[in-house]
Amino acid sequence: MKDSSSLGQLLVRVNLINEDQLRYAEEEVKYQAQLGKRVTLAQILVRAGMVKQEALTDILGVQMQSVTKKRIGEMLLDQGFITPDQLNEALEKQKTSGGKRLGRLLVEMGFIDEKKLTDILCCQFEVPFIKLDSIKLDEKVYEFLSEDQCKAYKIVPLYVSRDVRQALVVAMADPTNVRLRDSIKFKVKRNVDVVMASEQDIKKTIDILYAGHGPAEESLAELIGENKDEELETVERGSSASDEPELTDEEGRAVVKIVTTLIHEAIARHASDIHLEPQETFLKLRYRIDGDLQVMSPIPARLMPQILSRIKLLSKMDIAEKRKPLDGRFTVRYKGSEVDLRVSSFPISLRKRGVCEKIVMRILDPNSGQFPLREMGFDARVLKQFIDAINAPNGIVLVTGPTGSGKSTTLYASIREILDSTINISTMEDPVELNIDGVNQGQINNAAGFTFAAGIRALLRQDPDVIMIGEMRDQETSTMAIEAALTGHLVFSTLHTNDAAGAFPRLLEMGLEPFLVSTAIKGVLAQRLVRRICKNCKEPVEISQELRDELHLAPDMQFYHGKGCPKCDGSGFKGRCGIYEFLVPNEAVRNLVIKRASGDEIKREAIKSCEMITLRMDGINKALQGLTTLEQAVGASTADE
């Protein structure tokens with residue numbers, strides 16, 4: 001860990017400074033260098049009063065300054081920690097010790113204490129000594145090295161640096177073991193930075209890091225090693241067996257194993273998407289879990305083309321076509337259940353590699369995300385209003401929100417709520433994400449002429465009672481949906497707006513008549529997804545007075561957060577929950593729509609006369625219940641207030 005940026009990131013990790021302070025110090029180091037002055041990052045931080053020298057020493061240990069590299073014995077002798085006779089005696093004993101390191105022998109013989117030896121080693125190898133109980137570990141860092149390896153070599157992975165090097169930072173009890181450092185670098189296929197820690201601290205951190213992550217399944221970081229000869233079990237849909245070639249060579253088997261494991265791991269972690277992004281020197285892998293992208297172990301660049309081709313083959317995509325975006329789909333069997341994966345490729349350009357393909361796989365697991373409407377976190381009053389709306393004989397019920405806010409999940413839950421053998425429910429979706437028994441689900445195919453508008457015309461001749469349209473995206477589709485609603489059909493659909501009130505101006509912008517819009521719409525539900533606090537480590541948290549004043553929160557309002565535990569991988573969150581805003585238009589709101597009022601005017605009237613609960617109100621209420629944090633609730637509703 002020789003450069004100041006690595007040391008700075010370490011200080012951020014132990015909460016000694018924040019990112020803004022680090023940026024300031026790094027800029028100051030560069031400025032002083034331009035003036036011909038050589039100052040260290042630590043000196044700048046101390047001079048600026050951002051860090052006290054005592055705190056720096058407590059975290060990093062006493063780092064001794066040395067200009068030249070010397071043998072450990074010479075350094076101890078020069079500093080006056082041992083005598084020449086003691087050094088000679090230890091060197092003689094080393095010859096019969098079976099390869100024991102000189103520093104360890106000097107400690108065992110009582111010539112020097114371990115603290116002094118640690119400081120000398122840190123100086124000699126330019127590595128800081130840190131106390132691991134103060135450092136923040138990355139969530140998935142345990143995947144780089146196995147628990148057995150860490151215990152055997154007295155090492156533990158800590159985090160991946162955020163700079164361009166993306167180096168793995170590893171704590172070692174013995175930084176003099178250069179061979180071990182090289183071995184780790186080869187194993188993890190990336191740069192490795194080393195810090196030093198006591199054996200006791202390392203052992204304690206290993207126990208914390210690997211708690212609940214035993215050797216039950218092989219992780220992606222270990223895929224290139226042993227071969228389990230396990231192949232992804234795919235399910236054919238309406239065609240004969242795949243014509244893909246057999247991969248019999250060792251590299252081919254590694255490709256099959258990597259693809260199998262990354263898909264299985266993503267499903268097991270309840271990820272919604274898998275991102276495979278080509279880089280110059282590796283294939284970047286990320287999972288979207290609970291709405292956030294999490295970086296996984298990188299895949300070696302030499303396997304990149306084969307892995308991407310393997311996925312395209314499974315998806316029935318043209319592997320020879322790399323110049324334009326492609327779409328595909330395949331189904332796998334995981335633990336006895338079938339899971340659909342929707343695959344999309346997108347050509348990207350790299351400086352050295354030229355045109356490559358980024359691939360994203362959307363996981364459509366029929367066993368996840370199927371929540372009954374009553375278990376989706378609706379306020380009791382909102383739930384009653386919404387159930388009344390979806391049981392109406394006609395009209396339009398809209399669900400709005402950005403991509404990834406759970407609109408489809410809500411619509412599917414609504415359909416299951418009203419599903420009955422006495423009514424005909426038909427859908428038009430692009431794509432069909434979840435199959436529901438008893439519902440006629442249509443897959444939009446623009447290339448074949450099966451558009452939303454054409455689908456509605458055909459669907460109205462199918463004697464439907466309830467119609468679900470994936471999205472009201474243009475004037476023609478929206479006009480036909482309103483006409484269907486006004487002629488005795490109940491229509492469900494989605495719209496991309498920030499809040500419930502914004503749906504009305506959005507439809508008017510498409511060219512629809514205000515009178516028809518105000519008459520047809522029975523309710524608009526706006527929603528967001530926020531991260532749920534881990535139940536295992538939930539605890540009360542103090543909120544600053546400034547934030548209470550800004551949000552008008554009473555002093556006795558208690559909020560919560562997750563402190564981090566093995567069950568939530570130290571994040572403090574586990575799963576997600578929804579926050580909702582449901583607008584049922586009354587006469588006053590309908591009059592504003594006819595007058596083409598703005599979304600803000602409609603919202604104010606809905607709060608006043610409809611007593612509408614806004615996204616922020618619902619979010620803060622869920623934070624008070626301990627379901628999510630105040631930061632999550634406010635962050636999800638900031639754009640709508």
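The values are calculated or read from the model by the stated rules, or taken from the named source; none is laboratory data. All of these numbers come straight from a predicted model, not from anything done at the bench. Backbone-built Cβ (ideal geometry, glycine too); neighbour counts: all protein chains shown. What goes into the accessible areas is simple: the full protein's heavy atoms, side chains included, and nothing from ligands, DNA or RNA. Shrake-Rupley method; radii C 1.70, N 1.55, O 1.52, S 1.80 Å.
Output the direction-averaged projected area (hull surface divided by four) of the convex hull of the alpha-carbon atoms of the stretch 445-592, in nm².
So the mean shadow area of the Cα hull is 14.0 nm².
Spelling out what I want: for every residue of the stretch 310-324, take phi, set θ = phi - 60°, compute 6.51 cos²θ - 1.76 cosθ + 1.60 (Karplus), and round to whole Hz; glycine and proline get x.
Using θ = phi - 60°, the values come out as 4, 5, 5, 5, 4, 8, 6, 9, 6, 6, 7, 8, 10, 9, 9 Hz.
What net charge is computed for the residues neighbouring residue 597, neighbours being all others with C-beta under 12 Å from the C-beta of residue 597, Lys and Arg scored +1, Asp and Glu -1?
Around residue 597, the surrounding residues sum to +2.
Could you list the GluC sites (Glu not before Pro) in the stretch 302-365 that lie in coil according to DSSP, counting only those with at most 16 other Cβ atoms within 10 Å of their Cβ?
321
From the C-alpha gyration tensor of the stretch 410-515, pull out the three semi-axes of the equivalent ellipsoid (sqrt of 5λ each), sorted largest to smallest, in whole Å. Don't skip to the end; give the middle numbers.
On the way: eigenvalues 94, 51, 41 Å².
Sorted largest first and rounded, they come to 22, 16, 14 Å.
Let me know the charge dipole size of the stretch 463-550 about its Cα centre in debye, to the nearest 20, where only the beta-carbon of Lys, Arg (+1) and Asp, Glu (-1) is charged.
460
Which value, in Å² and to the nearest 10, is the accessible area of residue 561 when all protein chains are kept and the probe is 1.4 Å?
60
Expected output is a single nm value to one decimal: the length gained when fully extending between residue 355 and residue 96, i.e. 0.36 nm times separation in residues minus the C-alpha distance. What is it?
Stretched out fully, the residue 355 to residue 96 stretch lengthens by 87.3 nm.
Can you list residues from other chains, or at least 5 along the same chain, whose modelled amide H is less than 5 Å from the amide H of residue 273?
288, 363
So what does residue 411 come to for accessible area, using a 1.4 Å probe and Å² rounded to 10?
Near enough 10 Å² of accessible area.
Count the lysine pairs in the stretch 486-582 that are 8 or more places apart or on different chains: how many have C-alpha atoms under 26 angstrom apart?
Count of close lysine pairs: 7.
So how do 138, 465, 148 rank on accessible area, 1.4 Å probe, biggest first, that is with the largest at the start?
Numbers: 138 40, 465 65, 148 120 Å².
Ranked from most to least accessible, the order is 148, 465, 138.
Relative to the Cα centre, what is the charge dipole magnitude of the stretch 389-502, using +1 at the beta carbon of each Lys and Arg, -1 at the beta carbon of each Asp and Glu, and rounding to the nearest 20 debye?
That gives the stretch 389-502 a dipole magnitude of about 80 debye.
Could you state the number of Å between the C-alpha centres of the stretch 299-318 and the stretch 551-601?
Taking the Cα centre of the stretch 299-318 as reference, the centre of the stretch 551-601 is 41 Å away.
Say R0 is 45 Å: what FRET efficiency, to the nearest 0.05, do residue 182 and residue 548 get from their beta-carbon distance?
Numbers: r = 54 Å, r/R0 = 1.19.
According to the calculation, E is roughly 0.25.
Using a 1.4 angstrom probe on the protein heavy atoms only, line up 608, 187 by accessible area, largest first. Present the calculation step by step, with values, prior to reporting the outcome.
On the way: 608 160, 187 65 Å².
My answer, sorted largest first, is 608, 187.
Scan around residue 494 for amide H atoms under 5 Å from its own, H built in the peptide plane at 1.01 Å from N, and keep only partners 5 or more places away or cross-chain.
Here 399, 471, 472 satisfy the definition.
Divide, for the stretch 524-600, the radius of gyration over alpha carbons by 2.2 N^0.38 Å, where N is the residue count.
Here the Cα radius of gyration is 1.64 times the empirical estimate.
Any chance you could look up the accessible area of residue 206 with a 1.4 Å probe, heavy atoms only, rounded to 10 Å²?
Only protein atoms counted, so the area is about 0 Å².
Just to make sure I understand: if all protein chains stay in place, what is the order of 459, 77 by accessible area at 1.4 Å, largest first?
Sorted descending by solvent-accessible area, the residues read 77, 459.
Using θ = phi - 60° and the Karplus form 6.51 cos²θ - 1.76 cosθ + 1.60, what ³J(HN,Hα) does each residue of the stretch 17-26 get, whole Hz, x for Gly and Pro?
Result, rounded to whole Hz: 9, 10, 4, 5, 5, 5, 4, 4, 5, 5.
Dipole size in debye (nearest 20) for the stretch 513-569 around its Cα centre, Lys and Arg Cβ +1, Asp and Glu Cβ -1?
Values: 9 positive and 8 negative charges, 101 e Å.
With only Lys, Arg, Asp and Glu charged at Cβ, the dipole is about 480 debye.
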